[in-house]
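In what follows, a single structure is set out as structure tokens and then discussed.
The values are calculated or read from the model by the stated rules, or taken from the named source; none is laboratory data. Nothing here was measured: the structure is a model prediction, and the numbers come from that model. Cβ: placed from backbone, ideal geometry, glycine included. Neighbour counts: every protein chain shown. SASA here: full protein model, heavy atoms, side chains in, ligands and nucleic acids out. Shrake-Rupley method; radii C 1.70, N 1.55, O 1.52, S 1.80 Å.
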Amino acid sequence: MTQNYLDIIYLDCLKKFGGERSSSAVFHLLKGKKSSQTIQDSKLFHLSNLFGMYPGLKRKDFDAAVHFLTKEGYLIYSDKDTHVLTNKAETLLESVLVNKPVPASLNGSIYASNGFLFWKRLMLMTQVLSHSKAGSTTYMPVTKDEKVQRWVKQFLKRSAVNKTELSDALYHEMLSHLQRFSDREAAIWVYQLTSNQRIGLTYEQLGEKFNEDAEYIKILFWNLIHRVLEECSLKTQQYPHLYSMVQDLSRIHSLTESTSKTLQLIRLGKSLEDIARIRHLKQSTIEDHIVEISLNDSSFDLSMFLADDCLQVIGRKIEELNTHQLRIVKEALKDRYSYFQIRLAFTRL
């Protein structure tokens, strides 16, 4: 058997890549690398839900897991510098995912980074309000993140209600969410909170408590966070205090600073070559920016770089070949289109 549910995540990603991407692509996707290639892969291979969900993943640990899975007969290293699943892995993956599927509300491409920050804020806020209500003033903050500590202090200063009223309001807003969770899901949420009476449990401790894999507990929990964030963004008046903890954060992938500068020049009507010259960057870098823009904005007009009829031709060929490999598409189209144009076409699939 594999070590934990994270190994199942690795296998699931590699299966969806179908031998068309290296194992490194899985690592970059789970880490949330903000490159046009990784973001495009997350969309093309239907892995946006897992994008950026493991920002703390270390390369040595990932490589060790891939080595383990290969050694145990779950993966085969192909001559294309990729790993493909064996029948043994396919059977394992099917048997695990039928009982423990990747949770449906997980949406890393939208909520990963915001979710992590939201939870840090909520944990500290809960701790502060709990101690305040108990009249306790001496305790160790549940997070050492100084930015989060400053944010909570400023939030409390700006709050239109006192700490007792805020505590009650947050309690009722959270309760409204928890009542729609299963008993286990609600417990996973509550047991991680730190109050004046107890310290929140870790994933490992929760795993022992529920006789469950800690990695699966973790993914279940972040699924809850993403559900709450989605609900709060849709019903801001119903959850004003919870929503206020994330309203200063962008809901979608923001463009990198460099890509934003390229977008400004595109809006001024500058050509790809002009932009590269003005910005003193390689043309390939500007192309990466344009792909990133197209991935983030489906209404972005590609016609300046890829005519509509060409987009349709490339799109039909991609569907016909049923592949995500640029080289295969390029060769099938007799090299009439550049890799850049084909990458743009992929952003509209």
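Which condition number in (1) over 30 Å from the mean Cα position of the chain (by Cα); (2) without any contact (Cβ under 8 Å) to a residue 12 or more places away in the chain is the one that Arg316 fails?
(1)
Would you pick out the residues in the stretch 153-192 that are in contact with a Leu (Cβ under 7 Å, 6 or more places away or on another chain), without any contact (Cβ under 8 Å) to a residue 60 or more places away in the chain, within 14 Å of Leu242 (Cβ to Cβ) and surrounded by 15 or more Cβ atoms within 10 Å (Cβ to Cβ)?
Correct list: Ser167, Trp189.
Residues of the stretch 72-116 being of a type in the set (S, T, N, Q) and either in a strand (DSSP E or B) or within 24 Å of the chain's Cα centre (by Cα) (or both), which ones?
Thr82, Asn99, Ser105, Asn107, Ser109, Ser113, Asn114
Looking only at the stretch 118-138, count how many residues are of a type outside the set (Lys, Arg) and buried (at least 18 other Cβ atoms within 10 Å of the Cβ).
12
Could you check the stretch 255-283 and list, in sequence order, the residues that are part of a helix (DSSP H, G or I) and touching a residue at least 12 places away in the same chain (Cβ under 8 Å)?
Ser258, Thr259, Lys261, Thr262, Leu263, Leu265, Ile266, Leu272, Ile275, Ile278, Arg279
So, in the stretch 81-115, how many residues would count as being of a type outside the set (Val, Ile, Thr), out of contact with any helix residue (DSSP H, G or I) (no Cβ under 7 Å at 6 or more places or on another chain), open to solvent by 40 Å² or more (accessible area, probe 1.4 Å) and more than 13 Å from Ile9 (Cβ to Cβ)?
9
Name the single residue, out of those in the stretch 238-262 being out of contact with any Asp or Glu (no Cβ under 7 Å at 6 or more places or on another chain) and buried (at least 18 other Cβ atoms within 10 Å of the Cβ), that is modelled with the lowest pLDDT.
Within the stretch 238-262, the match that is modelled with the lowest pLDDT is His253.
Which condition breaks for Tyr216 when tested against (1) touching a Lys or Arg at 6+ places or on another chain (Cβ under 8 Å); (2) hydroxyl-bearing (Ser, Thr, Tyr); (3) open to solvent by 40 Å² or more (accessible area, probe 1.4 Å)?
If we test Tyr216 against (1) touching a Lys or Arg at 6+ places or on another chain (Cβ under 8 Å); (2) hydroxyl-bearing (Ser, Thr, Tyr); (3) open to solvent by 40 Å² or more (accessible area, probe 1.4 Å), just (3) comes out false.
Take the stretch 129-152 and flag every residue that is touching a Leu at 6+ places or on another chain (Cβ under 8 Å) and under 22 Å from Cys232 (Cβ atoms).
Hits for the stretch 129-152 are Leu129, Val142, Thr143, Val148, Val152.
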